[in-house]
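K.L.:
Below you will find the structure I want to go over with you.
The values are calculated or read from the model by the stated rules, or taken from the named source; none is laboratory data. Here the structure is a predicted model, which means the values were calculated and not measured. Note that we place each Cβ from the backbone using ideal geometry, even for glycine, and neighbour counts take in every protein chain shown.
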Amino acid sequence: MSKDRKAARRRVGLAIVLLVLIAALLGAWWEARRWTPDRARFLVQGAWLDTHDGPVDWPILKARGADFVYLTASEGPARRDEAFTAALEAAREQKLKVGAVHVYDLCAPADAQAANFVTIVPRDRAMLPPAIALDLDSRSCPAPPGEAAMQSELTTFLNQIEKHAEFKAILMVSRSFEARYHLATMVDRNLWVRQDFFEPGYTAGAWVMWTATTRLRIDGVAGPVRWVVVKT
């Protein structure tokens with residue numbers, strides 16, 4: 001066989017391998033847009049939404065399998081999600097259980113953050129326990145506080161919002177936040193963890209909620225949906 005023919009065969013072989021890899025990647029990408037955890041293992045499933053997700057077709061979300069929805073209500077000491085109140089009413093019309101999320105700012109006073117949350121979130125025993133999103137954010141808090149200061153402020157915040165909600169809050173801890181503060185061993189609250197596709201193990205304590213994917217596509221929501229499951 002001539003060198004030219006051997007080279008041509010190698011090029012064809014490489015092209016076939018490349019096509020197979022592209023097809024596999026496209027298949028994985030497509031599957032990632034549709035994947036949710038097995039309902040047999042996680043009976044209760046839902047979504048975490050906010051104004052950045054755009055308009056929501058609530059009947060479609062319910063039909064897709066959502067049993068509940070958590071809605072971002074407030075962030076830090078001042079920002080409130082403009083879609084919260086309307087989304088709360090729309091979700092309830094579909095008989096979805098609804099909870100509120102506060103995105104916590106490590107550099108902002110606890111009192112001001114609690115006041116922001118209780119101003120927009122109604123005192124209603126039908127609400128799910130409030131959830132507090134805890135992460136390290138270099139934009140809002142370039143110099144995070146030490147462990148003692150963080151725990152003192154967070155305790156103040158929790159005392160105030162839990163008095164309003166009449167439920168203990170759920171702490172939604174990111175991997176980076178937990179690595180810095182080890183909150184799971186410090187505060188007696190249920191934990192909500194986050195990691196796409198694979199059950200996370202970064203908290204010392206057992207978790208009760210898991211954001212299993214941030215890439216789910218649902219016809220009734222403009223952007224990718226954060227899909228959440230409950231460990232029962």
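K.L.:
Mind telling me which of the residues ALA126, ALA149 ends up being assigned to a loop (DSSP other than H, G, I, E, B) and surrounded by fewer than 17 Cβ atoms within 10 Å (Cβ to Cβ)?
P.N.:
The unique qualifying residue is ALA126.
K.L.:
Right, here's the next one. Based on what the data block shows, is ARG175 crowded, with 20+ Cβ neighbours inside 10 Å and at pLDDT 95 or above?
P.N.:
no
K.L.:
Being touching a strand residue (DSSP E or B) at 6+ places or on another chain (Cβ under 7 Å) and under 17 Å from PRO224 (Cβ atoms) is the filter; apply it to segment 58-74 and report the residue that is surrounded by the fewest Cβ atoms within 10 Å (Cβ to Cβ).
P.N.:
The selected residue is GLY65.
K.L.:
Return the residues of segment 44-60 that are within 16 Å of LEU128 (Cβ to Cβ) and either out of contact with any Ser or Thr (no Cβ under 8 Å at 6 or more places or on another chain) or part of a loop (DSSP other than H, G, I, E, B) (or both); say none if nothing qualifies.
P.N.:
Scanning segment 44-60 gives GLY46, ALA47, ASP50.
K.L.:
Any residue at all in segment 184-205 that is among the hydroxyl-bearing types (Ser, Thr, Tyr), farther than 16 Å from GLN151 by Cα, within 14 Å of the chain's Cα centre (by Cα) and surrounded by 15 or more Cβ atoms within 10 Å (Cβ to Cβ)?
P.N.:
No, there is no match, as no residue in segment 184-205 is among the hydroxyl-bearing types (Ser, Thr, Tyr), farther than 16 Å from GLN151 by Cα, within 14 Å of the chain's Cα centre (by Cα) and surrounded by 15 or more Cβ atoms within 10 Å (Cβ to Cβ).
K.L.:
I would also like to ask the following. Quick one: is GLU166 more than 24 Å from ASP53 (Cα to Cα) and surrounded by 21 or more Cβ atoms within 10 Å (Cβ to Cβ)?
P.N.:
no
K.L.:
Looking only at segment 80-88, decide whether some residue is touching a helix residue (DSSP H, G or I) at 6+ places or on another chain (Cβ under 7 Å), surrounded by 14 or more Cβ atoms within 10 Å (Cβ to Cβ) and under 19 Å from LEU191 (Cα atoms).
P.N.:
No: segment 80-88 contains no residue that is touching a helix residue (DSSP H, G or I) at 6+ places or on another chain (Cβ under 7 Å), surrounded by 14 or more Cβ atoms within 10 Å (Cβ to Cβ) and under 19 Å from LEU191 (Cα atoms).
K.L.:
Between residues in segment 153-178 that are more than 22 Å from ARG125 (Cβ to Cβ) and residues that are at pLDDT below 95 and crowded, with 18+ Cβ neighbours inside 10 Å, which pairs lie under 6 Å by C-beta distance while being six or more apart or on different chains?
P.N.:
Hits for this filter: VAL173/LEU183; GLU178/THR203.
K.L.:
Among the residues of segment 22-55, what is the count of those that are within 20 Å of PHE84 (Cβ to Cβ) and at pLDDT 95 or above?
P.N.:
Looking only at that region, the number is 4.
K.L.:
State yes or no: is ALA15 more than 26 Å from LEU154 (Cα to Cα), of a type in the set (Gly, Ala, Ser), assigned to a helix (DSSP H, G or I) and at pLDDT 95 or above?
P.N.:
So ALA15 does not fit the description; no.
K.L.:
Looking at VAL69 and the list (1) part of a loop (DSSP other than H, G, I, E, B); (2) at pLDDT 95 or above, which single condition is not satisfied?
P.N.:
(1)
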